[in-house]
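Single-structure report; data block below.
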Amino acid sequence: MDLFALRLLFILILAALSWFFQPFGLQPWFAALAGAVAAALIIFFELRVRALTLRRLFGAVIGSLLGIIGAFLFSLVLRDSLPEGHTRSLLQVGVLLLMTYIGLVVGASKGDLLNLAALGGLFSSERSGKRNVKVLDTSAIIDGRIADISETGFLEGILLVPEFVLRELQMVADSSDSSKRQRGRRGLDVLQHMRANAQLSIQIVEEDYPNIREVDLKLIELARQHDAKIVTNDFNLNKVAQVRGVPVLNINDLANSLRPVVLPGEKMRILVMKEGKEYDQGVGYLDDGTMVVVDHARRLIGRSVEIAVTSVLQTASGKMIFGKLDETPKPEPVRPPVEVSSSQG
């Protein structure tokens, strides 16, 4: 909240300064609006920079400095080649912006290749961050659950998406088969949604291995070089990676570990402890604290009853189980036949 107030104060101050000084001869209100928009763009840039790793930020700074130096040398050539005027000034400013932008983008994309730990103890923590890298598989991107898992914060670190995975997604999206084409487009949409999230650090890597034809083996080699884990739900890739000693995060295994403890239709015994919110409901609890709501059990408070589970509701605050009284008639015990003895007269 304090950071939000500080950002709002920054926007108001820049808008007030623009209204007072009226840059570029603008009218006061137009100048104030332009100042507020400029402040909002600066805050947006700050949010994007906060999501960068230290190596990518360091690479962006180096790339920008090299771009500025190159633009300065190029401006010297323009100064001796063109007469003084608006054309030369426009070219000099354009070259400066272009080369600075290219240096910034290229430096940020290649920043993870820097070894900052070699510069001393200040960057020694970057060595531990090397292990916090995951490589996304095509199947995991198409599946779509990876986006939800990442947004919850359970999957942190740098997420690498290789160029050959993007090519495979593009081939699936361009397939003549409608089902494959839909799956490919879904994967591209999921990846675009993840890249738009400023809290996620997603990097497109251009590393390829021409000598390796299979995409699965390329993923394993890439993960091995970056000391990373592979995120997938492909059963075969999971087994091959484990054989080759590369750790795997299988989304299907995660889903299985989070499956409900009970399923609809199962029977369980519960102690009804209090009445529920709705009419004629009773409420009990499992050993782990999970609430169990039983229909038509208000009259049975304080008694242990057997219920049949009707549904399981998973919410952000926990899990709730709904059930009803088990009214399945119990079979009557089979009585042995009675032998009737007949007396002969």
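What number, in nm² with one decimal, is the all-direction average of the projected area of the convex hull of the alpha-carbon atoms of the range 267-325?
For the Cα atoms of the range 267-325, the hull's average projected area reads 3.7 nm².
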DSSP-assigned coil residues among GluC sites (Glu not before Pro) in the range 269-324, each with at most 14 further Cβ atoms within 10 Å: GLU278
Rg to Rh, two decimals, where the chain supplies the alpha carbon set and Rh follows Kirkwood: 1.21
Cα-centred dipole magnitude for the chain, charges only on beta-carbon of K, R (+1) and D, E (-1), debye, nearest 20: 340
Residue-span extension gain [LEU3 to LEU271] - 0.36 nm each, minus C-alpha spacing: 91.6 nm
Within the chain, longest stretch free of exposed trypsin sites (Lys or Arg not before Pro) [DSSP loop, at most 15 other beta carbons within 10 Å]: 1-130
Estimated inter-spin distance, LEU33 and THR310, nm [label 7 Å along Cα→Cβ]: 5.7
Pairwise centroid distance, computed over Cα atoms, of the range 1-66 with the range 242-257, Å: 43
Estimated FRET transfer efficiency (GLU278, ASP326; beta-carbon r; R0 22 Å; 0.05): 0.65
Amide hydrogen neighbours beyond the local backbone of LEU200, cut-off 5 Å, H modeled: none
Reachable lysines from LYS229, criterion Cα separation under 17 angstrom, eight or more residues apart if same chain: LYS130, LYS134, LYS218, LYS239
About the Cα centre, charge dipole magnitude for the range 166-255 (Lys/Arg +1, Asp/Glu -1 at Cβ), debye: 220
For the range 149-281: rounded, prolate or oblate by the Cα gyration tensor [a/c cutoff 1.5]: prolate
Calculated Rg and Dmax of the range 2-116 using C-alpha coordinates, Å: 18.4, 53
Simple label model, 7 Å out from Cα along Cβ direction - ALA196 to PHE20, nm: 3.9
Top positive-direction residue, dipole computed over the chain with Cβ charges, set LEU191, THR232, VAL77: VAL77
Rounded tilt (10° steps) of 215-225 against the dominant C-alpha axis of the chain: 70
With Cα atoms, 0 to 90° folded angle of helix 86-109 axis to the chain main axis: 30
Charge sum, other residues only, whose C-beta stays under 15 Å from VAL95's C-beta, Lys/Arg counted +1 and Asp/Glu -1: +1
Cut-off 13 Å between beta-carbons: net charge of the residues surrounding GLY245, Lys and Arg +1, Asp and Glu -1: +2
Ranked list, fewest to most other Cβ atoms within 10 Å of each Cβ, for THR138, THR310: THR310, THR138
C-alpha long axis of helix 28-50 to longest principal axis of the chain, angle in °: 60
Leading residue at positive end of dipole, the range 187-268 (Cβ point charges), from ASN256, ASN211, LEU200: ASN256
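Values in this text are rule-based calculations from the coordinates and carry no lab data. Please read these numbers as outputs of a predicted model, since none were measured by experiment. Positions of Cβ are generated from backbone atoms using ideal geometry, with glycine treated the same way; all protein chains shown enter the neighbour counts.
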